[in-house]
Amino acid sequence: MPTAKKAAMIEELSEQLSRSQLTIVTDYRGLKVTDLQGFRTNLRPVGAEFHIAKNTLTAIAAGRVGAGDLDPLLAGPTGLVLAFEDPVQTAKVVSDFVRSSRVLTVRGALMGNQMLTAGDIEALATMPSREELQARLVGMLASPMSRTLGVLTGPARSMVYLLNAKIEQAGAAAAD
């Protein structure tokens, strides 16, 4: 039976895991406190948090919320990156920090009930942002409409060009 403090930690972890769209499990060994503070600061604007968690409590909390089997990822000191808003932006921040610090390592992740590898996180980080995807979709939807408009206005445009040419011809003939 866990102590009251551990039970409270399990409840808090359970709540966070249930709200999280993406949970990245990391090994933070060798990072300085200032590096961790900087990492947390970088995660805040994208709606993510970094928590250091005990493996046993994390496994219990994941089991309670049906967050999949995190046990293979929970070995040694464990840090959890919890993405509450945009998983792609969070993956980008984590990937950038992994590259710059060269100390933090990604063990894997959980997105919904699907396990992801460190390579999957890198692939997720290279995806375009939600806003960029929406802009591409609008462009794709607008493109056929603008082409149709161009085709429909083509004959009228041709008529205007023809009339302008006739006016120029008449003006040139009158000048002679």
Take the residues in segment 59-103 that are surrounded by fewer than 16 Cβ atoms within 10 Å (Cβ to Cβ) and of a type in the set (Lys, Arg); name whichever of them is farthest from LEU43 (Cα to Cα).
ARG64
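Does at least one position in segment 124-136 carry a residue that is in contact with a strand residue (DSSP E or B) (Cβ under 8 Å, 6 or more places away or on another chain) and farther than 21 Å from ASN55 by Cα? Steps first, answer last, please.
Narrowing segment 124-136 to residues in contact with a strand residue (DSSP E or B) (Cβ under 8 Å, 6 or more places away or on another chain): 124.
Now narrow it down to the ones that are farther than 21 Å from ASN55 by Cα: 124.
The answer is yes; a qualifying residue exists.
Looking at this structure, is VAL88 of a type in the set (Val, Ile, Thr) and over 11 Å from the mean Cα position of the chain (by Cα)?
Details: of a type in the set (Val, Ile, Thr): yes; over 11 Å from the mean Cα position of the chain (by Cα): no.
When the stated conditions are applied, VAL88 does not pass them.
Yes or no: GLN37 more than 20 Å from PRO72 (Cβ to Cβ), of a type outside the set (Asp, Glu) and touching a strand residue (DSSP E or B) at 6+ places or on another chain (Cβ under 6 Å)? Can you show your working first?
On the way: more than 20 Å from PRO72 (Cβ to Cβ): yes; of a type outside the set (Asp, Glu): yes; touching a strand residue (DSSP E or B) at 6+ places or on another chain (Cβ under 6 Å): no.
No, not satisfied.
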Residue that is surrounded by 15 or more Cβ atoms within 10 Å (Cβ to Cβ) and of a type in the set (Val, Ile, Thr), where the choices are THR34, THR23, THR56
THR23
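From SER100, SER129, SER143, SER95, grab the single residue that is in contact (Cβ under 8 Å) with a residue 12 or more places away in the chain and over 16 Å from THR23 (Cα atoms). Quick ask: steps written out before the conclusion?
Numbers: SER100 fails: in contact (Cβ under 8 Å) with a residue 12 or more places away in the chain; SER143 fails: in contact (Cβ under 8 Å) with a residue 12 or more places away in the chain; SER95 fails: over 16 Å from THR23 (Cα atoms).
The match here is SER129.
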Would you check which residues across segment 104-118 are small (Gly, Ala, Ser), surrounded by fewer than 22 Cβ atoms within 10 Å (Cβ to Cβ) and in contact with a Leu (Cβ under 6 Å, 6 or more places away or on another chain) and list them?
GLY108
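Laboratory data are not the source of any read-out in this text; all were calculated from the coordinates shown. As the structure is a prediction and not an experimental result, all values here were calculated from the model. Every residue, glycine as well, gets a Cβ built from its backbone with ideal geometry; the counts of neighbours run over all protein chains shown.
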